[in-house]
Amino acid sequence: MIEVRELTKRYGGTTAVDRLTFTVRPGRVTGFLGPNGAGKSTTLRLILGLNAPTSGTVTVHGRPFRDRLRGLRHVGALLDAGDVHGGRTARAHLTALAVSNRVPRARVAEVLAEVGLTDAAGRRIGGFSLGMRQRLGIAGALLGDPPVLLFDEPLNGLDPEGVKWVRGLFRRLAAEGRTVFVSSHLMSEMEHTADELVVVGRGSLIAAESLAEFAARGGSASVAVATPEPAVLAAALTAEGAVVREAGGDLTVTGLDAARIGELALRHGVPLHQLTTRAASLEEAFMELTADRVEYASGATR
């Protein structure tokens, strides 16, 4: 379990993390979301003791991580897949980690096999693709068989097969009772992977709740409508208080449910070719709830 309490980190006049409080529990995958500059990477570094907090506390199973010897046995982490010595082989890199953390050397071959790098074990890391480096970083996180795992953007550079594999890996690790904390900007992947979410913006907490609760709180269900008379139906729906968006002749309607839309279409003699209710997406909820917490926005969104 990871417990963050009133955690704050300032760099001069800049507050990167502002009184964050949340808990990451074992047995589930917790997604860590936020716009660019939200303080996600800083928070992960604070959890691992790589940076000291200005105030507040963060503990892993009741103790600061930096107080633990042989850290890989307690927490496995992937923060930057490129932060490895390119002249070493994959096997040599993992062996050095194993020796320094008193992890049995047999684990090196085991984790290389688990991440699909057995055939590349003797190759120098400098020749690895980004996806291969990500796999190596995940192998390093798994090396000590730790109960807590942290990953910062672990899907970067992975092909579709790799993404599917990582998704299954995280779910398996959580099912084993481990604490799995994953920072990512890919909303679609969090929808498929996470059970819980911690969402931050400009260093402050926005939400810490289940994925379903977050999506429901931030977004609205809509109804997709296809009709050969979109203008007539749009006018009727708008008159009833609905919000209607048209694209390519199809309508997306919020504010009225599918049954009411069908009744209005029948009343106005408008034929329907499609009437499908669509639940609010995580991305829509995220965009709505973080709109005023974006540090770096394009001119079109300001």
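Key figures for this structure:
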{"quantity": "Unique residue being touching a strand residue (DSSP E or B) at 6+ places or on another chain (Cβ under 6 Å) and at pLDDT 90 or above when the list is Val232, Val225", "calculated": "Val225"}
{"quantity": "Selection from the range 82-115 of residues that are surrounded by fewer than 15 Cβ atoms within 10 Å (Cβ to Cβ) and either of a type in the set (A, V, I, L, M, F, W, C) or not assigned by TED's automatic domain parsing to the domain that holds Gly140 (or both)", "calculated": "Ala96, Val99, Ala106, Ala109, Ala113"}
{"quantity": "The range 45-65 - residue that is in a loop (DSSP other than H, G, I, E, B) and not polar (S, T, N, Q) and, of those, surrounded by the most Cβ atoms within 10 Å (Cβ to Cβ)", "calculated": "Pro53"}
{"quantity": "Out of Glu176, Glu191, sole residue that is assigned by TED's automatic domain parsing to the domain that holds Gly27 and without any contact (Cβ under 8 Å) to a residue 40 or more places away in the chain", "calculated": "Glu176"}
{"quantity": "Yes/no for Ser184 being under 18 Å from the mean Cα position of the chain (by Cα) and touching a residue at least 60 places away in the same chain (Cβ under 8 Å)", "calculated": "yes"}
{"quantity": "Index of the failed condition, Gly248 passing every other in (1) out of contact with any Pro (no Cβ under 9 Å at 6 or more places or on another chain); (2) at negative phi", "calculated": "(2)"}
{"quantity": "Verdict on Val199 being of a type in the set (Val, Ile, Thr) and closer than 23 Å to Leu136 by Cα", "calculated": "no"}
{"quantity": "Test: residue in the range 36-49 that is out of contact with any helix residue (DSSP H, G or I) (no Cβ under 8 Å at 6 or more places or on another chain), basic (Lys, Arg), farther than 24 Å from Gly157 by Cα and assigned by TED's automatic domain parsing to the domain that holds Pro147", "calculated": "no"}
{"quantity": "Residue that is modelled with the lowest pLDDT [pool: residues in the range 11-44 that are outside any helix (DSSP H, G or I) and among the aliphatic types (A, V, I, L, M)]", "calculated": "Ala38"}
{"quantity": "Residue, surrounded by the fewest Cβ atoms within 10 Å (Cβ to Cβ), within the range 220-252, restricted to residues that are in contact (Cβ under 8 Å) with a residue 40 or more places away in the chain and among the β-branched types (Val, Ile, Thr)", "calculated": "Thr227"}
{"quantity": "Matching option when the condition is farther than 29 Å from Val200 by Cβ, part of a loop (DSSP other than H, G, I, E, B) and in contact with a helix residue (DSSP H, G or I) (Cβ under 9 Å, 6 or more places away or on another chain), among Val84, Val103, Val111", "calculated": "Val103"}
{"quantity": "Single condition Pro271 does not satisfy, out of (1) modelled with pLDDT under 95; (2) more than 29 Å from Asn36 (Cα to Cα); (3) of a type outside the set (Ser, Thr, Tyr); (4) exposed (fewer than 13 other Cβ atoms within 10 Å of the Cβ)", "calculated": "(1)"}
{"quantity": "Criterion: part of a helix (DSSP H, G or I) and in contact with a His (Cβ under 8 Å, 6 or more places away or on another chain) - qualifying residue of Gly162, Gly140, Gly168", "calculated": "Gly140"}
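The values are calculated or read from the model by the stated rules, or taken from the named source; none is laboratory data. Everything numeric here is computed off the predicted structure, so don't read it as measured data. Note that we place each Cβ from the backbone using ideal geometry, even for glycine, and neighbour counts take in every protein chain shown.
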